[in-house]
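> There's a structure below that I have some questions on.
The values are calculated or read from the model by the stated rules, or taken from the named source; none is laboratory data. Computed from a predicted model, the values in this text were never measured in an experiment. Cβ atoms come from the backbone with ideal geometry, glycine included; neighbour counts cover every protein chain shown.
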Amino acid sequence: MDLKQWMGAAGAGIGAIALSFFLNRPTNILEQPGVRALSAELNVEAKPEVKVPAPEIKVPAPAQKAAPATKPAAKPVAPKADEPKAAPAKLAPAAATTPSTPRAAGEKGVAVKGTVTWKGDPAKNAKIEMDSDPVCKELCAGKDKFKETYVIADGKLANVCVYVSKGLPADGKFPARTETVLIDQVGCTYVPHVVAMQLGQKVEIRNSDATTHNVHFKSKLNGDWNMTQSEKGTVDPKEPFKRAELGTASFKCDIHTWMESRALIFDHPFFAVTGADGSFEIKDLPPGSYTLTAWHEKEKAQTMDVTVTADATATADFTFSKGGK
């Protein structure tokens, strides 16, 4: 090969090398679409950057030094000398009654007793006319008969039902009273005018008159039924009582429309109806704090808090007046 040919071949080779270098120059990876910045997920020399957060890892250490500040907050929980201070948090006994008095020998089991008085002029009761039945008229000959809405004697109010309305356990179950509740029809009048009973307690209805009576039980929660008693004698209620009901149940006579007895039905035994002297007693109530309610068929009910102890009888006296005045 002569010199001219050799120089041509060399120039062509040098040009090819230069072209190859231009076409294969290195590219920046960050300029490629979809490529993320350098991170630990890429096999890129980034160790110096990984060391950067190292000082930050030590940051929680000072936070641990603040931990002792939380420990004093836990100290009050310990049952030490601070424990007696928790006593004020307990439910304070209600202070609306006179102090309890030691029970006398004849008052065994009496937890609460009291008297219901009437303030002001005696309320008037409507007069009853019994001319529609000759037997009833004869039974009451020579004397006027009045309804028994207000029975007041010497300032004492009868026919008020006093009962425990708060303080008993919600799921408490109490055995039914053992005494029989008697509702008598005598002198064409229901006796007693206000009758209280416990669910499951034995109830008897008696006709003591020589005339026919119709016993019509009316209520909101225990149904409505009636039965006729044409002869003297005692029978059971036509249907059992199933639910506690206070103030919305009554016994009436459809034949003698003035005859009525207001009924209160309880799911516990802690109740009593005031007698002619306005007194009442609630027996065998366990020690504790309770609310008593005094119910009258026409006047607004009253409440009072009592504290019952194991060896004393609490006193709760109520006073009613016309219209609560």
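> Taking the range 282-317, which residues are part of a strand (DSSP E or B), closer than 12 Å to Val160 by Cα and either more than 24 Å from the chain's Cα centre (by Cα) or without any contact (Cβ under 8 Å) to a residue 60 or more places away in the chain (or both)?
Passing the criteria: only Gln302.
> Please specify each residue of the range 168-190 satisfying the condition of being among the charged types (D, E, K, R) and within 28 Å of the chain's Cα centre (by Cα).
If the condition is that a residue be among the charged types (D, E, K, R) and within 28 Å of the chain's Cα centre (by Cα), then Asp171, Lys173, Arg177 are the ones that fit.
> Considering only the range 256-267, state which residues are surrounded by fewer than 19 Cβ atoms within 10 Å (Cβ to Cβ) and under 25 Å from the mean Cα position of the chain (by Cα).
Asp267
> Moving on. Take Ala272 and tell me if it is of a type outside the set (D, E, K, R) and touching a residue at least 60 places away in the same chain (Cβ under 8 Å).
So Ala272 passes the test.
> Look at the range 273-288 and say how many of its residues are modelled with pLDDT under 95 and among the acidic types (Asp, Glu).
Here the count works out to 1.
> Show the residue pairs that are 6+ apart or on different chains and have beta-carbon atoms under 7 Å apart, the first residue being within the range 151-170 and within 11 Å of Thr274 (Cβ to Cβ) and surrounded by fewer than 19 Cβ atoms within 10 Å (Cβ to Cβ), the second being at pLDDT 95 or above and of a type in the set (Asp, Glu).
Going by the 7 Å Cβ cut-off, the qualifying pairs are Lys156/Asp277.
> Right, next: Only one residue in Asn159, Asn214, Asn222 is assigned to a strand (DSSP E or B), out of contact with any Gly (no Cβ under 7 Å at 6 or more places or on another chain) and among the polar types (S, T, N, Q), so which one is that?
Residue meeting the stated conditions: Asn214.
> Do we have Asp277 as within 19 Å of Pro192 (Cβ to Cβ) and either touching a residue at least 60 places away in the same chain (Cβ under 8 Å) or in a strand (DSSP E or B) (or both) here?
Yes, satisfied.
> Mind listing whichever residues of the range 133-149 are touching a residue at least 40 places away in the same chain (Cβ under 8 Å) and over 20 Å from Thr257 (Cβ atoms)?
Scanning the range 133-149 gives no hits.
> Looking at the range 175-188, is at least one residue more than 30 Å from Lys232 (Cβ to Cβ) and part of a loop (DSSP other than H, G, I, E, B)?
Yes, the range 175-188 has at least one match.
> Being part of a strand (DSSP E or B) and touching a residue at least 40 places away in the same chain (Cβ under 8 Å) is the filter; apply it to the range 235-255 and report the residue that is surrounded by the fewest Cβ atoms within 10 Å (Cβ to Cβ).
Selected residue: Gly247.
> Still on this model: Please go through the range 191-224 and give me each residue that is within 34 Å of the chain's Cα centre (by Cα) and more than 12 Å from Pro237 (Cβ to Cβ), ordered by number.
Val191, Pro192, His193, Val194, Ala196, Gln198, Leu199, Gly200, Lys218, Lys220, Leu221, Asp224
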